[in-house]
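Have a look at the structure below before the remarks.
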Amino acid sequence: MPTKEIVQHVGALLDLAGVLVIAVGVAVATVVFVVRCARTRQVVAHYRAYRQGVGRAILLGLEFLVGGDIIRTVAVSPTFTSVGVLALIVLVRTFLSFSLEVELDGRWPWQGRPPADRPSVGARPQR
């Protein structure tokens, strides 16, 4: 089997893995959310954890998808146009990843972790 075909298959497998990670992660987060809500009858109390679970699944899936794009573009057809398209794809996915990370942590990455006695920006007050 030629190297080009192997690289294409590896890229396609990474794409499939990315899609599966997102789909399974969202499904698991949804099942956990529904079970918690059914048990406690408090939807609002579990909503943030649900969003974080979905966001983490999307972030991990995006990493696989970017890896597949990089492998296929650079190893198979490294033309100026394909590298430019890859750069745009990586830029958009990086922006999405960055936005999701800020949404999940409730702070900018350069702010560092808050001390244990102070809640983070998006944290809910303790009861």
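The values are calculated or read from the model by the stated rules, or taken from the named source; none is laboratory data. All values reported here derive from a predicted model rather than from experimental measurement. Glycine gets a Cβ as well: all are built from the backbone with ideal geometry, and neighbour counts include every protein chain shown. Keep in mind that these areas ignore ligands, DNA and RNA; they rest on the heavy atoms of the full protein, side chains included. Shrake-Rupley method; radii C 1.70, N 1.55, O 1.52, S 1.80 Å.
Worth pointing out:
- For region 1-19, a residue qualifies if it is without any contact (Cβ under 8 Å) to a residue 24 or more places away in the chain and within 18 Å of the chain's Cα centre (by Cα), and exactly one does: Leu16.
- Scan of region 1-37 for residues that are more than 28 Å from Arg93 (Cβ to Cβ) and open to solvent by 70 Å² or more (accessible area, probe 1.4 Å), ordered by number: Met1, Pro2, Val34, Val35, Arg36
- Test: residue in region 54-74 that is over 23 Å from the mean Cα position of the chain (by Cα) and part of a helix (DSSP H, G or I): no
- Residue match in region 19-36 (condition: outside any helix (DSSP H, G or I) and of a type outside the set (A, V, I, L, M)): no
- Region 71-110 - residue that is more than 26 Å from His9 (Cα to Cα) and open to solvent by 100 Å² or more (accessible area, probe 1.4 Å) and, of those, modelled with the highest pLDDT: Phe95
- Condition met for Thr40 (open to solvent by less than 80 Å² (accessible area, probe 1.4 Å), out of contact with any Phe, Trp or Tyr (no Cβ under 7 Å at 6 or more places or on another chain) and modelled with pLDDT under 95): yes
- Summed over region 1-60, residues that are more than 20 Å from Leu96 (Cα to Cα) and small (Gly, Ala, Ser) total 5.
- Of the residues making up region 43-57, those that are in contact (Cβ under 8 Å) with a residue 24 or more places away in the chain and open to solvent by 50 Å² or more (accessible area, probe 1.4 Å) are Arg48, Arg51, Arg56.
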